[in-house]
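What follows is a short report on a single structure.
The values are calculated or read from the model by the stated rules, or taken from the named source; none is laboratory data. A quick note: this is a predicted structure, and the numbers were derived from the prediction, not measured. FYI the Cβ positions are ideal-geometry reconstructions off the backbone, even for glycines, and counts take in every protein chain you see.
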Amino acid sequence: MRKPRIFCPKLSSPTCACTNIKQIHHLAKVLRLKANDPVELFDGHGSVARGKIQDIAKANINFYVDDILHTKNPYKKLYQAIIPYMKKESLIYSIQKLVEVGIHSILVYRPDHLDQSLVKKDLSKLNLRLEEAMIGACEQSGCNHFPSIHYFTGLQKCIQSEHINRDFEGLFVLDTIANQLIKKNEILNLESIGIISGPESGYSETERGFMNECGLRSLKIGHYTLRAETAPVAGLSKFHNLLGEY
């Protein structure tokens, strides 16, 4: 049986503790783990260790920790996804899959064509749920490197932020009306690659105009239109495939 993987941001030896209430409930009530059960611990920054449960309480789980190993990110290039807010289930799905296929950074923006079901909602309330989904995806997939995630009130502010590659050389727009496919020779020498994807209703004229002013190149992934939650995942997978990262 596979050892449960547990996110422990303050991983240390010879002991450490988990204080995440939802995680404690899952380990104790769902997986029914008990003292001396083996686990694998990781801190999201590349450190990983074998451990055993020392004791379980309502507010924390304590672990015995073996030697901590430091792992390198298996992906040579830096990958970034700029994605829109969308319905909660769709956004969580997209975040999970991006983590599972090797994303380094995620930027979430409020699109001009926001889904009507979200217009009057406080989108910031989604953020904690997204970060929980990222932790779950890392635990499930074996990823030891927790992606960074940032949130923006619009695409323009997102692109102008310090978290974007400033020369835009490796920043591409995934667009259903683009007439160019991704080509291997265009990306081989890039150190970082960013992909921008839009909502179900597409980019607004204002968003398109700003991206054109920035000189961003528009690309299409394939011959068919993808859903908003699958487009960035398919785009990232396409870049990985062209670069031999699988």
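Inside region 217-246, can you point out the residues that are surrounded by fewer than 18 Cβ atoms within 10 Å (Cβ to Cβ) and part of a loop (DSSP other than H, G, I, E, B)?
GLY222, HIS223, TYR224, THR225, LEU226, ARG227, THR230, LEU243, GLY244, GLU245, TYR246
For the list (1) within 30 Å of SER124 (Cβ to Cβ); (2) free of Cβ contacts under 8 Å to residues at least 40 places away in the same chain; (3) in contact with a strand residue (DSSP E or B) (Cβ under 7 Å, 6 or more places away or on another chain); (4) not charged (D, E, K, R), I need the number of the one condition that ASN36 fails.
For ASN36, the exception is condition (1).
Quick check on my filter: what residues within region 152-195 are part of a helix (DSSP H, G or I), of a type in the set (D, E, K, R) and in contact (Cβ under 8 Å) with a residue 24 or more places away in the chain?
The answer is LYS157, LYS184.
Check whether at least one residue in region 139-151 is hydrophobic (A, V, I, L, M, F, W, C), at pLDDT below 90 and not in a helix (DSSP H, G or I), and report yes or no. Before you say what the answer is, go through the steps one by one.
We begin by selecting, within region 139-151, every residue hydrophobic (A, V, I, L, M, F, W, C); these are 143, 146, 149.
Those left that are additionally at pLDDT below 90: none.
For region 139-151, residues hydrophobic (A, V, I, L, M, F, W, C), at pLDDT below 90 and not in a helix (DSSP H, G or I): absent.
Select the strands (runs of 3 or more DSSP E) contained entirely in region 12-101, then report the ones holding at least 3 residues which are closer than 30 Å to GLY154 by Cβ.
Numbers: elements: 15-18, 38-42, 47-56, 61-65, 78-84.
Passing ranges, in order: 78-84.
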